[in-house]
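The values are calculated or read from the model by the stated rules, or taken from the named source; none is laboratory data. In this text the structure is predicted, and so the values were computed from the model without any measurement. Methodologically, a virtual Cβ is constructed for each residue, glycine included, from the backbone with ideal geometry; neighbour enumeration extends over all protein chains shown. To get the accessible areas, we keep the full protein, side chains included, count just its heavy atoms, and leave off ligands, DNA and RNA. Shrake-Rupley method; radii C 1.70, N 1.55, O 1.52, S 1.80 Å.
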Amino acid sequence: MSFKSNKEFIEKGDVVTLYINPNNMHQIEVKEKIKNKKGELVDNVFQTTYGALKVISLVGTKYGSKVNLSKGWAYVLQPTPELWTLTLPHRTQIIYTPDISLIIYLLDLAPGSIVIETGTGSGSLSHSLIRTIRPNGHLHTFDFHEQRVLLAQEEFKSHGIDEFVTVRHRDVCTEGFGDELEHKADAVFLDLPHPWLTIDFAVKSLKKKGGRLCSFSPCIEQVQRTCTKLSSAGFIGIETFECLQRELTVQQKNLNILDLASFKTKTDEPVKKFEDPPAKLMTVAHPSSTPGHTGFITIATLPPEFVRIVDER
């Protein structure tokens, strides 16, 4: 239940991030027994490269504490959507934090927003959307794969955020979002192979005062067809972004500085003399390479209904 609100101490039933190093993190549920491969209930002992952890022993431990493993130690952290994105079980390809942050910004989401998401997948984006729109907002997320829908429902419930999300099994490209969402949504997010097929359904689901639509596509041909459809459906402000992350490394370097007081000799011959010790300066180093392309993010605005009616006339 630890995704719902900040907590100080770990309780039974919480999902906890076990942090060993930046490249070695795990999400574990704090319960006494789990089922093994044979379906038998056994003690919940989590194995790591630094030994075993009896998970139920974490109850009462303060979040952020250092805990002992049988051959080392680790930290127990309260999970966040960012940590979940790094450690979740992959059922599909996922959207990562740099793209997620841009998507939420472009959709102009805030607490209380009603959002439609198509392509629940592994729930990476869903957790960030829920954190942004709660406590009064709601996420309606759709996936055409029934097993993924069931797993997502179980995860949202175990994370304590199921009251903020409704997961539905539906092919939205042919069936739309349902009459119950007609003119209810502030924003629609599309992560589909054919996003242009859902745009007419999105127009029906966005509020009469208008709203935002965002589409995530890996191929520029998908973007072209989507933008053409958005324009014909009455959307304005259509823009496409590519979010490429570049990390700079902070370094301390020694820099030789000329000693100007002794720069010349009696014969006016220049002599290179430097101050001792060299000056220490903080600098940044650019990476030799940057992460590759993830996807194109297209954003568009649907104006209020009365504006669209005037334009059509």
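Before moving on, here are some points about what is shown:
- By a 1.4 Å probe calculation restricted to protein chains, Leu151 has an accessible surface near 60 Å², given to the nearest 10.
- Highest-fluctuation residue, Leu18, Leu213, Leu139 considered, GNM on the chain with Cα pairs under 10 Å: Leu18
- With contacts taken as Cα pairs under 8 Å and at least 6 residues apart, region 1-149 reaches a relative contact order of 18 percent.
- The chain: angle of helix 97-106 to the longest principal axis, Cα-based, in degrees nearest 10: 60 degrees
- Once the gyration tensor of the Cα atoms in region 9-79 is diagonalised, the equivalent ellipsoid follows with semi-axes of 19, 15, 10 Å, ordered largest first.
- Region 9-79 - percent relative contact order, Cα under 8 Å, separation 6 or more: 35 percent
- Computed label-point distance, nm, for sites Glu182 and Asn36 using a 7 Å Cα→Cβ extension: 5.6 nm
- Rounded to the nearest 20 debye, the dipole magnitude of the chain is 780 debye, with +1 charges on Lys and Arg beta carbons, -1 on Asp and Glu beta carbons, and the Cα centre as origin.
- Kirkwood-based Rg to Rh ratio, region 1-144, C-alpha trace: 1.01
- Sparsely packed trypsin sites (Lys or Arg not before Pro) within region 55-109, loop by DSSP, other Cβ within 10 Å at most 14: Lys71
- Heavy-atom accessible surface of Lys184, to the nearest 10 Å², is about 100 Å², with a 1.4 Å probe and all protein chains retained.
- Proximal lysines relative to Lys184, as straight alpha-carbon distance under 17 Å, when same-chain residues fewer than 8 apart are discounted: Lys204, Lys207, Lys208, Lys209
- Sparse-neighbour loop sites [trypsin sites (Lys or Arg not before Pro); region 203-245; at most 16 other C-beta within 10 Å; DSSP]: Lys207, Lys208, Lys209
- The chain - percent relative contact order, Cα under 8 Å, separation 6 or more: 13 percent
- Average accessible surface area per residue within region 91-192, 1.4 Å rolling probe, Å²: 41 Å²
- Of Gly51, Gly176, Gly295, the residue with the greatest mean-square motion in the GNM of the chain, using alpha carbon springs below 10 Å, is Gly51.
- Test item: Cα-centred dipole of region 1-67, Lys/Arg +1 and Asp/Glu -1 on Cβ, debye: 80 debye
- Accessible surface, 1.4 Å probe, highest first, among residues Leu248, Leu106, Leu77: Leu248, Leu77, Leu106
- Those residues of region 11-36 whose amide nitrogen sits under 18 Å from the label point placed on Lys54, 7 Å along Cα→Cβ: 11-13, 29-35
- The Rg/Rh ratio for region 147-220, using Cα coordinates for both the radius of gyration and the Kirkwood hydrodynamic radius, is 1.00.
- Highest-fluctuation residue, Asn256, Asn36, Asn24 considered, GNM on the chain with Cα pairs under 10 Å: Asn256
- Each stretch of four or more DSSP H residues adds -39500 (n - 2.57); spread over every residue of the chain, this sum gives -6500 deg cm²/dmol at 222 nm.
- 20 Å binning of all Cα-Cα separations within the chain, expressed as whole percents from 0 upward: 26, 43, 21, 8, 1
- For the chain, the longest principal axis of the alpha carbon atoms and the long axis of helix 146-158 meet at an angle near 60°.
- The trypsin sites (Lys or Arg not before Pro) of region 9-57 that DSSP puts in a loop, and whose beta carbon has at most 10 other beta carbons within 10 Å, are Lys37, Lys38.
- Accessible area of region 9-79 belonging to carbon and sulfur atoms, whole % at 1.4 Å probe: 50 percent
- Each other residue within a Cβ distance under 11 Å of Thr301 adds +1 if Lys or Arg and -1 if Asp or Glu, for a net charge of -1.
- On a per residue basis, region 9-79 carries 60 Å² of accessible surface, using protein heavy atoms and a 1.4 Å probe.
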